[in-house]
1. In the range B:146-174, which residues are assigned to a loop (DSSP other than H, G, I, E, B) and either facing chain A (nearest Cβ under 8 Å) or touching a helix residue (DSSP H, G or I) at 6+ places or on another chain (Cβ under 9 Å) (or both)?
2. In the range B:133-145, which residues are buried (at least 24 other Cβ atoms within 10 Å of the Cβ) and within 14 Å of chain A (Cβ to nearest Cβ)?
3. Of everything in the range B:51-79, what is outside any helix (DSSP H, G or I), crowded, with 19+ Cβ neighbours inside 10 Å and out of contact with any strand residue (DSSP E or B) (no Cβ under 7 Å at 6 or more places or on another chain)? Give them in sequence order.
4. Out of the residues in the range B:175-214 meeting the condition of being acidic (Asp, Glu) and within 12 Å of chain A (Cβ to nearest Cβ), tell me which one is surrounded by the fewest Cβ atoms within 10 Å (Cβ to Cβ).
5. Among the residues of the range A:72-100, which ones are among the aliphatic types (A, V, I, L, M) and more than 29 Å from the chain's Cα centre (by Cα)?
6. Can you confirm whether the range A:145-160 contains a residue that is outside any loop (DSSP other than H, G, I, E, B), surrounded by 24 or more Cβ atoms within 10 Å (Cβ to Cβ) and more than 10 Å from chain B (Cβ to nearest Cβ)?
7. Quick check: anything in the range A:77-90 modelled with pLDDT of 80 or more, surrounded by 11 or more Cβ atoms within 10 Å (Cβ to Cβ), in contact with a strand residue (DSSP E or B) (Cβ under 7 Å, 6 or more places away or on another chain) and over 21 Å from A:Val21 (Cβ atoms)?
8. For the range B:155-196, name all the residues that are within 17 Å of the chain's Cα centre (by Cα) and in contact (Cβ under 8 Å) with a residue 60 or more places away in the chain.
Amino acid sequence: MTKVLTDARSIRIKGRSFLAVVLSPDLPLDDWLARLDDLASRSAGFFLGRPVVLDVTDLEICKTDLKELLAAFVERNVAIMGIEGARPSLLGPGMPPALKGGKPVSGDAVAKEPIIEIRNMPAETQPAEPEPRQVLQSLVIREPIRSGQSVIFPEGDVTVIGSVASGAEVIAGGSVHIYGTLRGRAMAGSIGNINARIFCRKMEAELLAIDGVYKMAEDMAPGLRGKSVQLWLENDTIMAETLI
Amino acid sequence: MGKVIVVTSGKGGVGKTTSTAALGAALASKGERVVVVDFDVGLRNLDLVMGAERRVVYDLINVIQGEAKLSQALIRDKRLETLFLLPASQTRDKDNLTPEGVERVISELRRVFDWVICDSPAGIESGATLAMRHADVAVVVTNPEVSSVRDSDRIIGLLDSKTVKAENGERMEKHLLLTRYDPNRAERGDMLKVDDVLEILSIPLIGIIPESMDVLRASNIGAPVTLADASSAPAQAYFDAARRLCGEPVPITVPGEKRSFLGKIFGRKAA
């Protein structure tokens, strides 16, 4: 028995990471802007269409100065998409949003141009090495997942031999297999995988997601509740059928 | 070396303090040396339930801060001479409960007593995590209703991750004590069934305490229910739970179920 859970088209919410260029100005700002102009003149269009983040962590700056700095970026056609390391008091309406949790990227992962290093030497161009093919992994958990616990395994499949409690969550890059009752949340294909599936022995889930397509408990067909169920994605709609 | 038990639940008002006092008194009445320790700094209650509120001079915080010796802070019960209370401080802040201090006090108590029963505060903050930190055994007190069950589930997760035993890669022994079980409401389906709770929490059941006015009456006169009226239904259930804690195989009876179905009752085992 195959069912489309609801007719309404669902909204896709996905996580995605982008590589952003981070600019960390130093004082005095006029000098720094002059060096930026110097860089821009030598590699035209460097900032064009690139996400740029302004890092003000180590910068002693007041709100007015920050506004002026942002205006200076606008003048130079540099679009700032976010500000990192700013005190909440520094930011105001009309400014780019605060960002946090950024991770530094190793040299070879970044683009060819110099990013923050502003030197007179042109940067060497290195072809990016092809990424080694990742071995699909799986995580097996032999205990129930308790309320408040969260299992996040972007590398592959998650198998739980036990139940997933209400208020617990399992997030897998691959498929999710629950050999018990699924009462909490299960998200399969969390980093983009339309072929990921969710299997559980007893369906009581609060929320399900496959490849960013979400489904709340109340949108699920009542006939599935308490049954052994598998769920998969077909044309951006979560499909479900009872197993056995 | 004595055993350290933490009585915990996550949710408040489910019967942690009542159960601590009742189990402590039940164990002490068998001649075991027992100390009940109140970890609820700032909101202490165990002294009231034990009927020792007017005898508190020094408390757990005084001992931790080195202002009093353990022997000065321990209060001997007037009814059972092997039962002691280590009260919590009502006036101090719970930030005075330091991990090192708690470790020292617990290891001292463990040397002197057969059972150290720690009454955890509600919640999952430092008071609760410190109360469970050095435990060998956990008694998870749960009411048969969804919010209590979910909070207990959360606490079980913490017991398996934030305790010394868990950090050493050992398994914490956990028992479920189902309290305030009302046979009439269970009959009407207004309450979670015993089997449902066991299925969700999947830890062994150590006892089912029926909802009873005897419990309230006992706390009002300042006595553990197992001492106030040893023949009452909740007292009997606590005595049985205490025997199971000691490792005796005592069959569990669900209040309200007919005793003639002995096979069914004897066969009831935790998932």
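1. The first filter runs over the range B:146-174 and keeps only residues assigned to a loop (DSSP other than H, G, I, E, B), leaving B:160-163, B:168-172.
B:Asp160, B:Ser161, B:Lys162, B:Thr163, B:Glu170, B:Arg171, B:Met172 - these are the residues of the range B:146-174 that are assigned to a loop (DSSP other than H, G, I, E, B) and either facing chain A (nearest Cβ under 8 Å) or touching a helix residue (DSSP H, G or I) at 6+ places or on another chain (Cβ under 9 Å) (or both).
2. B:Ala138, B:Val140, B:Thr142 - these are the residues of the range B:133-145 that are buried (at least 24 other Cβ atoms within 10 Å of the Cβ) and within 14 Å of chain A (Cβ to nearest Cβ).
3. Passing the criteria: B:Gly51, B:Tyr58, B:Asp59.
4. So in the range B:175-214, the residues acidic (Asp, Glu) come out as B:182, B:187, B:190, B:195-196, B:199, B:211, B:214.
Now drop any that are not within 12 Å of chain A (Cβ to nearest Cβ), which leaves B:196, B:199.
Working: B:Asp196: 13, B:Glu199: 16.
Per the stated criteria, the residue is B:Asp196.
5. Of everything in the range A:72-100, just one residue is among the aliphatic types (A, V, I, L, M) and more than 29 Å from the chain's Cα centre (by Cα), namely A:Ala72.
6. Step one: of the range A:145-160, the residues outside any loop (DSSP other than H, G, I, E, B) are A:145, A:150-153, A:156-160.
Now narrow it down to the ones that are surrounded by 24 or more Cβ atoms within 10 Å (Cβ to Cβ): A:145, A:158, A:160.
Still in the list and also more than 10 Å from chain B (Cβ to nearest Cβ): A:158, A:160.
Taking every residue of the range A:145-160 in turn, at least one turns out to be outside any loop (DSSP other than H, G, I, E, B), surrounded by 24 or more Cβ atoms within 10 Å (Cβ to Cβ) and more than 10 Å from chain B (Cβ to nearest Cβ).
7. Checking the range A:77-90: not a single residue is modelled with pLDDT of 80 or more, surrounded by 11 or more Cβ atoms within 10 Å (Cβ to Cβ), in contact with a strand residue (DSSP E or B) (Cβ under 7 Å, 6 or more places away or on another chain) and over 21 Å from A:Val21 (Cβ atoms).
8. Residues satisfying the conditions are B:Ile155, B:Leu159, B:His175, B:Leu176, B:Leu177, B:Thr179, B:Arg180, B:Tyr181.
The values are calculated or read from the model by the stated rules, or taken from the named source; none is laboratory data. Given the structure is predicted, the values throughout are model-derived calculations rather than measurements. Backbone-built Cβ (ideal geometry, glycine too); neighbour counts: all protein chains shown. The area values use the complete protein model at the heavy-atom level, side chains included, leaving out ligands, DNA and RNA. Shrake-Rupley method; radii C 1.70, N 1.55, O 1.52, S 1.80 Å.
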